[in-house]
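Right, one structure below, let's go through it.
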Ligand code: NAD
Ligand code: UD1
């Protein structure tokens, strides 16, 4: 299949490109590089041994995107493009609603106009808000207790795509609800490159390990969890990427959500210990106040994706830490200077 990949220069998009080519697909990437570097695409091209067409554009720019549809024939689109920083979304809600929703509307309009009827969308565990039950399943309550505009955009876009599927019975929307993506490609050449201070735990921990940051701030140790720290379902980005290939193989008309998760929760202290082992370094940390908006524990059953998509997460959290550390230590400044 030939796949339109929006946001393909980013963290999850770049890893998914590698798996797309490994599975025999081809891709055209569109990205405005607002949170990424074209260097990631050059490195993907080296890994896959092929040239990947790239157009720098804003997905919300209908004219520019229409030209890409005019030039290429697509079997499906994977829509990664979006802004994703939770704290920033609280400070700049309009930028988040404008970017994430406009880009999705423009993409889906052009897909329909060009009879491209298969969409895989990057949703998030955030749609479950404050989990009503654990492990979460696709039947669990969504939309209650979402604490930030970023999360609201994911919830709203899921609803928009469901409505599009009702009105267009030929259209297929697979809503992949990612849990916490971590790790990097085993080559160590591509990985997560957060600009500035990392918001997410694992990049923060590896930056402490490499000496860029002094110590990990553990956001609370008084939760009702195994050791009092927050518990999450960390999933290796290569497993996550493969979930998209599995989804492309099972596109059916209608909207369907899948949890891409491992089913296992890991605490903050357990994750720090796993990075200590991977990096053979002691990682200093200090416990600070809870982060507003955080939940105690969040993990999901991947049973539906296991059975319907024939997909499962195979890589361990330890492997993810080894791979993240390889990426971080070989690229201390990420893609900078390229
Ligand atoms: P990322 O920021 O690395 O990648 C997103 C890419 O989209 C970037 O390259 C950015 O430049 C591009 N982009 C943003 N807005 C655009 C626009 N209007 N037009 C064109 N390009 C645009 O993020 P990621 O971690 O790879 O996440 C990919 C998707 O998965 C996002 O939609 C994100 O919300 C979602 N997601 C991520 C996580 C996570 O923890 N990383 C968890 C759940 C869901
Ligand atoms: C956050 C977002 C979520 C988003 C997800 C993946 C919030 C409220 N939620 O989830 O919407 O989908 O990222 O991008 O921001 N932690 C520390 N110290 C740190 C960083 C994190 O102790 O410096 C803890 C957190 O309290 C949490 C765990 O580590 O218990 C994971 O945090 P993080 O990586 O930010 O992911 P989430 O909070 O799950």
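Return the residues of segment 315-335 that are in a loop (DSSP other than H, G, I, E, B) and either more than 27 Å from residue 41 (Cβ to Cβ) or in contact with a strand residue (DSSP E or B) (Cβ under 8 Å, 6 or more places away or on another chain) (or both); say none if nothing qualifies. Lay out the reasoning, then the answer.
Residues of segment 315-335 in a loop (DSSP other than H, G, I, E, B): 315-316, 331-335.
Result: 315, 316.
Within segment 141-170, being part of a loop (DSSP other than H, G, I, E, B), buried (at least 17 other Cβ atoms within 10 Å of the Cβ) and touching a strand residue (DSSP E or B) at 6+ places or on another chain (Cβ under 9 Å) holds for one residue alone: 142.
The set of residues in segment 202-240 being over 25 Å from residue 44 (Cβ atoms) and either within 12 Å of ligand 1 (Cβ to nearest atom) or within 14 Å of the chain's Cα centre (by Cα) (or both) consists of 232, 233. With respect to the stated conditions, residue 50 is under 18 Å from residue 245 (Cβ atoms) and either within 16 Å of ligand 2 (Cβ to nearest atom) or in a loop (DSSP other than H, G, I, E, B) (or both). Of the residues making up segment 19-33, those that are under 25 Å from residue 105 (Cα atoms) and either touching a helix residue (DSSP H, G or I) at 6+ places or on another chain (Cβ under 8 Å) or more than 13 Å from ligand 1 (Cβ to nearest atom) (or both) number 7.
Here's the yes/no breakdown for (1) at pLDDT 95 or above; (2) more than 16 Å from ligand 1 (Cβ to nearest atom):
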{"site": "255", "(1), (2)": "yes, yes"}
{"site": "258", "(1), (2)": "yes, no"}
{"site": "262", "(1), (2)": "yes, no"}
{"site": "274", "(1), (2)": "yes, yes"}
{"site": "285", "(1), (2)": "yes, yes"}
{"site": "294", "(1), (2)": "no, no"}
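Please verify whether segment 100-109 includes one or more residues that are modelled with pLDDT of 95 or more, out of contact with any strand residue (DSSP E or B) (no Cβ under 8 Å at 6 or more places or on another chain) and surrounded by fewer than 15 Cβ atoms within 10 Å (Cβ to Cβ). Yes, the conditions are met somewhere in segment 100-109. In segment 192-236, the qualifying residues are those that are away from ligand 2 (no atom under 12 Å from the Cβ) and touching a helix residue (DSSP H, G or I) at 6+ places or on another chain (Cβ under 6 Å), and the one that is modelled with the highest pLDDT is 236. Of all residues in segment 278-289, those satisfying the criterion of being loosely packed, with under 14 Cβ neighbours inside 10 Å and over 13 Å from residue 215 (Cα atoms) are 280, 289.
Yes/no matrix, rows are residues, columns are (1) within 21 Å of residue 181 (Cα to Cα); (2) more than 10 Å from ligand 1 (Cβ to nearest atom); (3) touching a helix residue (DSSP H, G or I) at 6+ places or on another chain (Cβ under 7 Å); (4) assigned to a loop (DSSP other than H, G, I, E, B):
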position	(1), (2), (3), (4)
67	no, yes, no, no
83	yes, no, yes, yes
90	no, yes, yes, no
97	no, yes, yes, no
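Of all the criteria given as (1) surrounded by fewer than 23 Cβ atoms within 10 Å (Cβ to Cβ); (2) near ligand 2 (Cβ under 9 Å from one of its atoms), the one not satisfied by residue 182 is (1).
The values are calculated or read from the model by the stated rules, or taken from the named source; none is laboratory data. Small disclaimer: the values here were computed from a predicted structure and weren't measured. Quick reminder, even Gly has a Cβ in these numbers, built from the backbone with ideal geometry, and neighbours come from all protein chains shown.
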